[in-house]
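What follows is a short report on a single structure.
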Amino acid sequence: MASPQGLPTTPPYWNTPYNEITPLNGPGASPMPGVISPYATYGMNLNFIAAVMFPQVASTFIALQTSLLNVDASNPAALLQVQLTMSEYENAVQSTSQMYASFQTLIKAIIQNI
Amino acid sequence: MTQHATDHHSGQHTSTATPHTGLISKEDRQMLMEMGIMASNNVFPWEGHALFGQLLLVEPEEAYPRVGMAYCKIMGGQFAEAHQLLKNKVVTASSLKDFALALRGLAFYLAKQPQELEQLFKEHEEPLEKNLPARSMFQNLITAL
């Protein structure tokens, strides 16, 4: 069903995250309308926001997590790689803190100007 | 339809030229918009979509339901639909037009379309000078790409 403007009025809709790195993007993330997603828990809430709005944080975090899980502590090169990955993650967090502040200001300004 | 006068430097509404005559009061619009945005951000995408869809039906000549629906679409990765909503003349002729540009910039950013993002900014650089929140968002998006 559509409105006179051709816009959807019924919500046969699922906000599928575009980011491939999040498990939210799996086939199971597109349930039929009215069916609660198995991922729709408060535990996944922050991951959802981080993955959609701040993909660089999510991707570098996953890279860091992977490198930490697989690191060989006796290998200096592997430890250096972890340090580099951690640096990338910190840089991503640093850059998104500005983005988040700007994003929050924009949303508040929109609401104030309605 | 309500007319808005906006202090573009702060991006904040400073006065209302005419009394609001719509079906929904300004305060309720703001509350509903915030609810829809929160829902779209978090784990209630259907609710956010349904809320903005209903607001579109109730106040089709107002810009804010389209802006809200577009935000919902952006959060869901449906960027083309978001652009379509934000390019609607109801939005581009409203006091939210600069904010709509910033949201379109966000859509280009999330879709990893740097050329389109920069082009959109260049095309509207002058009017965006007057809207600090929208301009700041653009600058952050361009820097981050």
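Per residue of peptide B:61-74, the mean number of Cβ atoms on other chains within 10 Å of the residue Cβ is 2.
Remark: region B:25-144 carries a charge dipole of roughly 180 debye about the Cα centre, counting +1 on each Lys and Arg Cβ and -1 on each Asp and Glu Cβ.
With the convex hull of the Cα atoms taken as the outline of region B:25-144, the averaged projected area works out to 7.1 nm². Packing, as the average of other Cβ atoms within 10 Å across residues, places the peptides B:52-63, A:65-76, B:97-108, A:83-94 in the order B:97-108, B:52-63, A:83-94, A:65-76, highest first. Each label was represented as a point 7 Å from its Cα along the Cα-to-Cβ direction; for A:GLN112 and A:ALA73 these points are 5.1 nm apart. Pairs from the list B:LYS73/B:LYS130; B:LYS97/B:LYS130; B:LYS73/B:LYS112 with a Cα-Cα gap above 23 Å: B:LYS73/B:LYS130. Taken residue by residue and averaged, Cβ atoms of other chains lying within 10 Å of the Cβ of A:96-103 number 4. Given a Förster radius of 30 Å and the C-beta distance between B:LYS89 and A:VAL93 as r, what FRET efficiency does 1/(1 + (r/R0)^6) yield to the nearest 0.05? Efficiency, from the Cβ-Cβ distance: 0.15.
Only the coordinates and a few stated rules stand behind these numbers; no lab work does. Predicted model only: the values in this text are computed from it and were never measured. Don't worry about glycine lacking a Cβ; one is built from the backbone with ideal geometry, like all the others, and counts go over all protein chains shown.
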